[in-house]
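Structure first, commentary second.
The values are calculated or read from the model by the stated rules, or taken from the named source; none is laboratory data. The structure presented is a predicted model; accordingly, all values stated were derived computationally and were not measured. As a convention, Cβ positions derive from the backbone with ideal geometry for all residues, glycine included, and neighbour counts pool all protein chains shown.
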Amino acid sequence: MNEKPVAQKRNVHDFLRFVVDKKASDLHVKAGGPPYVRVSGRLSKTDFPAMSSSDCERAAMELMDEAQAKAFKERGEIDFAYSEHGLGRFRVNVFLQRGSVAVAARRVLPGSPGFDTLGLPPSVKTLADEQRGLVLVTGPTSSGKTTTTAAMINHVNATRSCHILTIEDPIEILHADRQAIVNQREIGHDTEDFATAMRAAMRQDPDVIFVGEIRDPETVKAALQASETGHLVISTLHTTDVSETVNRIIDFFPPHQQKQIRVSLAGSLKGIVSQRLVPRADARGLVPAVEVLVMNGRIRDLILNAEQTHMIHDIVAESDFYGMQTFDQAMLYLYRAGLITLDEAMTAATNPHDFQIALRQEGLQPIS
């Protein structure tokens, strides 16, 4: 970081301003060192002075209201959304580490970019146009799931006269009513938990339900039931690819229930979008590499048959006609388009050896 902040500044609002000015995505504050920020996926030390334990606690308390501070002191950690005029909105996690308070804050950009701006494949928009069924957006932390789901909700909001109900922990991106009406419920403020909110949702006349994250069997069941009864349900999971996503949904349940879950999932799933963010070749941020599964007869049969579910990746790889693609196919497209470097493509590829063979077939890079 080139600009040195004024030495005496230890105010958390100065840190947040620094995040905005540097176009950073995340802020990390802990005792014993200066704050860090993440820019274009890379973590960098700032020139702010080192934080003491009391500095960190004071910074955290400045972000929390009375109820949040009470909950933090009871549990030792808390998630919440924080807004400040002139700075914007942040998703904040306050937690204890080695007995002192630490803060991780993620900047939430206002509004939601469109599919083309984000560089998402056309099949993602097609999935957002579904009238009913289950659509899952997956990936590790910081893979862009929030931005992609926000783009899907924004698209529905702009194109359908319907009721969109979101259940989030916390609410990150605010959606104003457009063609649709949007009600956004926050865990801990407007409802107790995801499962409770999903049960209540059936009495709230929604057409589209966004569940911020599937975390337990009760939420899975509620999401499947809602999608089976004519609702479009969009949700996220922390899984790395489409095959793992299918297996994770099934593995939420004990063996004696898995056959029925396979039937429900095969009947309601419309698609899975799995993401990884890769540094751009021009060093101007990150670009999403996206694996996409779109439900068809072959995928449905593989979900129903436990002995053949492992073949899902192979079917996705050969089903570009349906808008499907694997991570390595997405990586090949991004490299061919000059959006990412060969080194980044090889690092992010699921199978570097197979990816190298695909490069040679495209005439892009011989095998060394």
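Look at (1) touching a strand residue (DSSP E or B) at 6+ places or on another chain (Cβ under 7 Å); (2) buried (at least 23 other Cβ atoms within 10 Å of the Cβ) and you find that ALA151 fails only one, number (1). Is it true that some residue in the stretch 229-252 is in contact with a Cys (Cβ under 6 Å, 6 or more places away or on another chain) and of a type in the set (A, V, I, L, M)? Scanning the stretch 229-252, I find no residue that is in contact with a Cys (Cβ under 6 Å, 6 or more places away or on another chain) and of a type in the set (A, V, I, L, M), so the answer is no. From the list LEU87, LEU63, the lone residue that is surrounded by 19 or more Cβ atoms within 10 Å (Cβ to Cβ) and over 20 Å from the mean Cα position of the chain (by Cα) is LEU63. Could you look through the stretch 92-147, keep only residues that are touching a Cys at 6+ places or on another chain (Cβ under 9 Å) and of a type in the set (Gly, Ala, Ser), and pick out the one that is nearest to MET61 (Cα to Cα)? Across the stretch 92-147, the extreme among qualifying residues is ALA102.
For the stretch 210-219, check the following and say yes or no: at least one residue is farther than 30 Å from SER25 by Cα and of a type outside the set (Phe, Trp, Tyr).
First pass over the stretch 210-219, keeping only residues farther than 30 Å from SER25 by Cα: 217-218.
Next, from what is left, pick out any that are of a type outside the set (Phe, Trp, Tyr): 217-218.
Looking for residues that are farther than 30 Å from SER25 by Cα and of a type outside the set (Phe, Trp, Tyr), one finds at least one in the stretch 210-219, hence yes.
Taken as a whole, the stretch 126-141 holds at least one residue that is surrounded by fewer than 23 Cβ atoms within 10 Å (Cβ to Cβ), out of contact with any strand residue (DSSP E or B) (no Cβ under 7 Å at 6 or more places or on another chain), over 23 Å from ALA104 (Cβ atoms) and free of Cβ contacts under 8 Å to residues at least 60 places away in the same chain. Applying the set (1) at positive phi; (2) out of contact with any Asp or Glu (no Cβ under 8 Å at 6 or more places or on another chain) to GLY188 leaves exactly one unmet item: (2). In summary, helices (runs of 4 or more DSSP H) completely within the stretch 222-325 and bearing 1 or more residues that are touching a residue at least 60 places away in the same chain (Cβ under 8 Å) occur at 242-251, 255-268, 312-317. Looking only at residues in the stretch 154-210 that are under 18 Å from ALA71 (Cβ atoms) and charged (D, E, K, R), the one that is surrounded by the fewest Cβ atoms within 10 Å (Cβ to Cβ) is GLU192. Each residue in the stretch 139-171 was checked for being within 15 Å of the chain's Cα centre (by Cα), small (Gly, Ala, Ser) and assigned to a loop (DSSP other than H, G, I, E, B), and 4 pass.
Considering every residue within the stretch 34-50, establish whether at least one is touching a Leu at 6+ places or on another chain (Cβ under 7 Å), in a strand (DSSP E or B) and farther than 15 Å from ALA104 by Cβ. The answer is no, given that none of the residues of the stretch 34-50 is touching a Leu at 6+ places or on another chain (Cβ under 7 Å), in a strand (DSSP E or B) and farther than 15 Å from ALA104 by Cβ.
Regarding VAL108, is this residue among the hydrophobic types (A, V, I, L, M, F, W, C), free of Cβ contacts under 8 Å to residues at least 40 places away in the same chain and buried (at least 19 other Cβ atoms within 10 Å of the Cβ)? Walk me through it before giving the result.
Values: among the hydrophobic types (A, V, I, L, M, F, W, C): yes; free of Cβ contacts under 8 Å to residues at least 40 places away in the same chain: no; buried (at least 19 other Cβ atoms within 10 Å of the Cβ): yes.
The answer is no for VAL108.
Could you please find all residues in the stretch 66-84 being farther than 20 Å from ARG107 by Cα and either surrounded by fewer than 19 Cβ atoms within 10 Å (Cβ to Cβ) or not assigned by TED's automatic domain parsing to the domain that holds TYR36 (or both)? Give the steps one after another, and end with the answer.
Within the stretch 66-84, the subset farther than 20 Å from ARG107 by Cα is 66-67, 69-76.
Within the stretch 66-84, GLU66, ALA67, ALA69, LYS70, ALA71, LYS73, GLU74, ARG75, GLY76 qualify.
Looking at ARG106, ARG89, which one is in contact with a Lys or Arg (Cβ under 6 Å, 6 or more places away or on another chain) and under 24 Å from GLY144 (Cβ atoms)? So the residue among ARG106, ARG89 that is in contact with a Lys or Arg (Cβ under 6 Å, 6 or more places away or on another chain) and under 24 Å from GLY144 (Cβ atoms) is ARG106. Considering the stretch 72-124, and only residues there that are part of a helix (DSSP H, G or I) and among the aliphatic types (A, V, I, L, M), the residue that is modelled with the highest pLDDT turns out to be VAL124.
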